[in-house]
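Below: one structure, written as structure tokens.
Each value in this text was obtained by applying a stated rule to the coordinates, not by laboratory testing. Being a predicted model, the structure only gives us computed values, none of them experimental. Heads up, the Cβs are rebuilt from the backbone with ideal geometry, glycines too, and the neighbour counts pull from every protein chain shown.
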């Protein structure tokens, strides 16, 4: 069976040490000119707990889980993604939920080849398209071409998903920890 090429961003699976998996509250600047989808890696802007989508090589704050805002008509909107350029009611803020604990294990699809010997290595994340505006789901994947054992790279591969629907090879789903994280020091691969 071949793995489907169906990216979904990063999904929280469990806490590495058995703790609770929960998202914390941050802010998005109203009118931010970038889409942020559920499962997208995010980084802080350095301003009042505000976030934006992270790119390859950026140090990560966590993974976006959705947002809530009041639109210009006064309607409270909950969304799995932040639409680029969305305007909000004057005097209100956009609340965003982010899985920011550096010890959360995430499931993510590889964008190419994966071998068991890649476990313990590090790699970057790459956005292979644009997220789905209907479902709010991300298209970020782990970058197969960046797998290596040195340097400050965004995620550390801990294992592959062993659920009977995933096989080692192209587009495998893997478990990762955020390696280049704003709340901890990064580590090299083994």
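Taking other C-beta atoms within 10 Å as the exposure proxy, 110, 1 rank 1, 110 from fewest upward.
Defining a contact as two alpha carbons under 8 Å apart and six or more residues distant in sequence, what relative contact order in percent does the chain show?
Numbers: 533 pairs, mean separation 49.8, N = 190.
Normalised by residue count, the contact order of the chain is 26 percent.
For the pair the range 15-49 / the range 81-133, the C-alpha centres are spaced 9 Å from each other.
Cut-off 10 angstrom, C-alpha nodes, Gaussian network model of the chain. Which of 163, 127, 40 fluctuates the most? Its mean-square fluctuation being the largest, the pick is 163. Give, as ranges by residue number, the residues of the range 50-76 whose backbone N falls under 14 Å from the point 7 Å along Cα→Cβ of residue 93. Of the residues in the range 50-76, 50-51, 68-70 have backbone N under 14 Å from the label point off residue 93. If the chain linking residue 24 and residue 182 were pulled fully straight, counting 0.36 nm for each residue of separation and taking away their Cα-Cα distance, it would gain 55.4 nm. Only Cα sites of the range 1-55 enter the Debye sum here, all with the same form factor; the resulting log10 I(q)/I(0) across q = 0.15, 0.16, 0.22 1/Å is -0.61, -0.67, -0.99, listed in q order. For the range 18-99, the alpha-carbon radius of gyration amounts to 1.06 times the rule-of-thumb value 2.2 N^0.38 Å expected for a compact globular protein.
Using only Cα coordinates, the Kirkwood hydrodynamic radius of the range 102-178 works out to 12.7 Å.
With q set to 0.16 Å⁻¹, the log10 of I(q)/I(0) for the chain, from the Debye formula over equal scatterers at the Cα positions, is -0.94. Among 138, 145, 79, sorting on how many other beta-carbon atoms sit within 10 Å of each Cβ, with the fewest leading, yields 145, 79, 138.
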